[in-house]
Amino acid sequence: MVIKSKPEACFVDNKYCPGCGHGIINRLVAEVLEEMGEEKKAIGAIAVGCASLMPDTFGIDCIQAQHGRAAAVAVGVKNCRPDNMVFSYQGDGDALAIGFSETMYAAIRNDNITVIFVNNGNFGMTGGQMAPTTLEGQRTTTSPKGRDIMATGAPLNVINLMKTLDVAYLARGSVDGNANIMKTKKYIREAFEAQKNKEGYSFVEVLSPCPTNWNKSPQDSMKHIRETVVKTYEMGVYAERRGDNA
Amino acid sequence: MDKQLMKGNEAIAEAAVRAGCKFFAGYPITPQSEILEYLSWRMPEEDGVFIQSESELAGISMVYGAAATGFRTMTSSSGPGYSLLQEGISYIASAELPCLLVNVMRYGSGLGDIFVGQSDYWQTVKNGGHGDYRSIVYAPASVQEAADLVRLGFDKAEEYRNPVTLLSDASIGQMMEPVDLPKIIDHDPDKYDWTASGKGERKFNRITSNMYYMDNFDEYISKKYKTIEENEQLWEEFHTEDAEYVLVAYGISSRISIEAVEAVRKKGIKAGLIRPISLYPFPVKAFEGLKDVKGLISVEMTKLSQMAEDVALASRMKVPVYGITGGTELYEVEDVVESILEIVDGKAKEVI
């Protein structure tokens with residue numbers, strides 16, 4: 001008995017590490033696009049890093065963006081094809097370190113794109129270096145004694161910056177457990193709805209586990225999000241604009 | 001026919017609009033800012049999009065996205081700003097997307113200066129970005145030619161699915177000349193099957209380094225560039241038939257060089273000129289017919305004789321290669337003539 005078949009866009013198993021959150025988030029994006037009837041019109045600008053594994057296993061039109069520039073690539077796409085659903089899919093090193101300027105300016109312009117932002121607190125693909133989102137005291141390969149915020153500054157809560165801007169939708173979810181996965185799916189849906197209604201910039205941050213680089217089991221990684229990560233990055237909807245431009 | 005007096009930069013911008021370009025993203029930098037300013041009002045008139053991006057990095061990234069959709073798109077910059085485009089250019093070439101890039105050269109490295117110069121030859125022609133790729137590079141010597149090469153550039157970019165760069169300079173960009181522009185054309189962004197446009201009923205497209213999904217990529221990409229090198233060389237010759245000394249100059253330097261050739265011919269020196277119009281591919285065919293040449297003279301507004309290496313290669317190193325250099329201000333015809341006379345008198349050192 002098939003309770004729920006997987007979305008067509010997930011046409012082959014993903015290639016992420018065991019216990020990685022990207023696979024869940026990829027699937028949520030695919031489910032939302034399919035449920036909205038948008039998967040045939042969707043175009044993704046995919047980041048460098050772990051996200052770059054996505055085009056191999058995600059069956060929609062995708063562009064491999066340069067490191068950090070996915071939002072700008074998406075802006076170029078959306079301006080040429082405004083009737084297509086256009087999103088960027090980026091990790092935290094990509095969107096907030098090297099791509100901070102491109103990330104913020106898409107929000108500043110209120111560009112009508114959706115950004116799916118995966119926060120797993122480190123540079124995953126390159127072996128677990130410190131990212132802007134790394135928690136205070138968190139050990140990484142470039143903060144072996146734990147992140148010293150006197151030296152690096154505090155973990156970057158980008159939604160706190162974006163909520164001062166005139167954007168359409170901001171939310172932060174997580175993939176630790178079914179309830180939060182379903183809530184995150186709702187956020188992703190609302191973000192794409194905002195784009196469809198031409199409301200402007202929508203951004204969903206997703207707290208995601210990286211068991212490989214956190215040196216934790218998949219279960220402990222989920223527990224870590226629940227007990228620790230959410231204290232720095234609170235979940236919820238931070239901006240929502242409806243109907244202004246519909 | 002609507003011949004009008006236009007600045008080089010504005011002619012480039014209008015020619016792009018008339019070639020069906022519908023998306024421009026760029027950042028202010030002298031001496032190319034007129035392209036940006038012109039398109040800021042002109043693009044919307046033709047239902048196109050103009051974005052003043054937060055940086056050249058963002059601008060070329062937007063152009064990358066736009067190119068992926070099948071629309072005609074371009075950006076322009078100069079010197080330090082052109083350096084920042086290199087990341088995106090490499091990605092665009094790697095994904096085999098067409099677009100037009102414009103580098104209105106200034107002078108010098110680092111901040112350099114906004115004066116006339118041709119010091120971006122190496123970066124533009126030899127690639128500033130990483131990896132195995134080339135951009136087709138055209139160098140206009142007049143406002144009219146700048147406009148003509150914009151149209152040709154968009155066509156060649158699509159024919160080869162490759163970026164094309166227009167290497168202009170501050171003089172051509174800022175001077176006003178009469179220009180005859182063609183009628184505006186519509187470009188159909190849906191005529192290609194490789195675009196990111198929403199998969200619809202077809203298989204999805206991946207816009208990325210084509211090496212990932214091609215078994216014979218090495219052979220394919222080398223053949224692509226060999227084809228360009230064989231078929232796309234453009235140049236003009238002037239008095240080369242009996243020349244013993246052949247000047248080689250592109251863009252603004254070629255105009256001064258023509259006058260210099262005429263001046264030294266009056267002194268009995270058999271001089272000629274090869275004017276490369278395509279810098280990649282470099283017009284090596286122009287050098288095949290040269291006989292009894294005593295010296296090739298690369299005339300360029302750079303202190304390091306950047307193009308001279310290509311001149312030497314094009315002549316198979318069989319002829320001495322000299323350089324006449326300049327920049328920051330235009331050399332006068334007399335300056336070039338004097339340098340030619342020194343070369344003829346055996347007083348000048350070879351570049352290579």
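The values are calculated or read from the model by the stated rules, or taken from the named source; none is laboratory data. Predicted model only: the values in this text are computed from it and were never measured. Because the Cβ atoms are built from the backbone with ideal geometry, glycine has one as well, and the counts that use them run over all protein chains shown. Protein only, heavy atoms only, side chains kept; ligands, DNA and RNA dropped before computing areas. Shrake-Rupley method; radii C 1.70, N 1.55, O 1.52, S 1.80 Å.
In the stretch B:8-24, of all residues being open to solvent by 10 Å² or more (accessible area, probe 1.4 Å) and touching a Phe, Trp or Tyr at 6+ places or on another chain (Cβ under 9 Å), the one that is nearest to the other protein chains (Cβ to nearest Cβ) corresponds to B:22.
Identify, from the list B:303, B:267, the residue that is in contact with a helix residue (DSSP H, G or I) (Cβ under 8 Å, 6 or more places away or on another chain), surrounded by fewer than 18 Cβ atoms within 10 Å (Cβ to Cβ), of a type in the set (Lys, Arg) and more than 26 Å from residue B:156 (Cβ to Cβ). Spell out the reasoning first.
Working: B:303 fails: in contact with a helix residue (DSSP H, G or I) (Cβ under 8 Å, 6 or more places away or on another chain).
Sole residue among the options that is in contact with a helix residue (DSSP H, G or I) (Cβ under 8 Å, 6 or more places away or on another chain), surrounded by fewer than 18 Cβ atoms within 10 Å (Cβ to Cβ), of a type in the set (Lys, Arg) and more than 26 Å from residue B:156 (Cβ to Cβ): B:267.
Here the stretch A:156-207 is the region considered, the condition is being within 19 Å of residue A:108 (Cα to Cα) and without any contact (Cβ under 8 Å) to a residue 24 or more places away in the chain, and the residue that is least open to solvent (accessible area, probe 1.4 Å) is A:160. Just one of the listed residues (B:33, B:55, B:40, B:78) is surrounded by fewer than 24 Cβ atoms within 10 Å (Cβ to Cβ), more than 30 Å from residue A:62 (Cα to Cα) and among the hydroxyl-bearing types (Ser, Thr, Tyr), and it is B:33.
Would you call residue B:154 more than 26 Å from residue B:4 (Cβ to Cβ) and either surrounded by 24 or more Cβ atoms within 10 Å (Cβ to Cβ) or at pLDDT below 95 (or both)? Reasoning before the result, please.
Numbers: more than 26 Å from residue B:4 (Cβ to Cβ): no; either surrounded by 24 or more Cβ atoms within 10 Å (Cβ to Cβ) or at pLDDT below 95 (or both): yes.
Criteria not met by residue B:154.
Residue check: residue B:113 meets all listed conditions (1) touching a strand residue (DSSP E or B) at 6+ places or on another chain (Cβ under 6 Å); (2) crowded, with 19+ Cβ neighbours inside 10 Å; (3) within 28 Å of residue B:255 (Cβ to Cβ) but one, namely (2). Of the residues examined, residue B:257 is one that is touching a strand residue (DSSP E or B) at 6+ places or on another chain (Cβ under 7 Å) and open to solvent by less than 10 Å² (accessible area, probe 1.4 Å). Each residue in the stretch B:103-120 was checked for being under 18 Å from residue B:8 (Cβ atoms) and out of contact with any Phe, Trp or Tyr (no Cβ under 7 Å at 6 or more places or on another chain), and 4 of them qualify.
Does the stretch B:327-342 contain at least one residue that is in a strand (DSSP E or B) and open to solvent by 20 Å² or more (accessible area, probe 1.4 Å)? Give the derivation first.
Taking the stretch B:327-342 as the starting set, the residues that turn out to be in a strand (DSSP E or B) are B:327-329.
From what is left, the residues that are open to solvent by 20 Å² or more (accessible area, probe 1.4 Å) are B:328-329.
Yes - at least one qualifying residue is present in the stretch B:327-342.
The set of residues in the stretch B:34-54 that are within 19 Å of residue A:78 (Cα to Cα) and in contact with a Ser or Thr (Cβ under 6 Å, 6 or more places away or on another chain) comprises B:50, B:54.
Can you go through A:190, A:199 and tell me which one is in contact with a Lys or Arg (Cβ under 7 Å, 6 or more places away or on another chain) and either modelled with pLDDT under 95 or not polar (S, T, N, Q) (or both)? Step through it out loud before you land on a result.
Numbers: A:190 fails: in contact with a Lys or Arg (Cβ under 7 Å, 6 or more places away or on another chain).
After applying the criteria, what remains is A:199.
Listed by position, the strands (runs of 3 or more DSSP E) inside the stretch B:25-126 whose residues that are at the interface with chain A (Cβ under 9 Å from one of its Cβ atoms) number at least 2 are B:49-52.
For residue B:212, work out the one condition from (1) modelled with pLDDT of 95 or more; (2) within 14 Å of chain A (Cβ to nearest Cβ); (3) exposed (fewer than 13 other Cβ atoms within 10 Å of the Cβ) it doesn't fulfil. Among (1) modelled with pLDDT of 95 or more; (2) within 14 Å of chain A (Cβ to nearest Cβ); (3) exposed (fewer than 13 other Cβ atoms within 10 Å of the Cβ), residue B:212 violates only (1).
Can you tell me which residues in the stretch B:233-247 are part of a loop (DSSP other than H, G, I, E, B), closer than 18 Å to residue B:336 by Cα and open to solvent by 30 Å² or more (accessible area, probe 1.4 Å)?
Residues satisfying the conditions are B:239, B:244.
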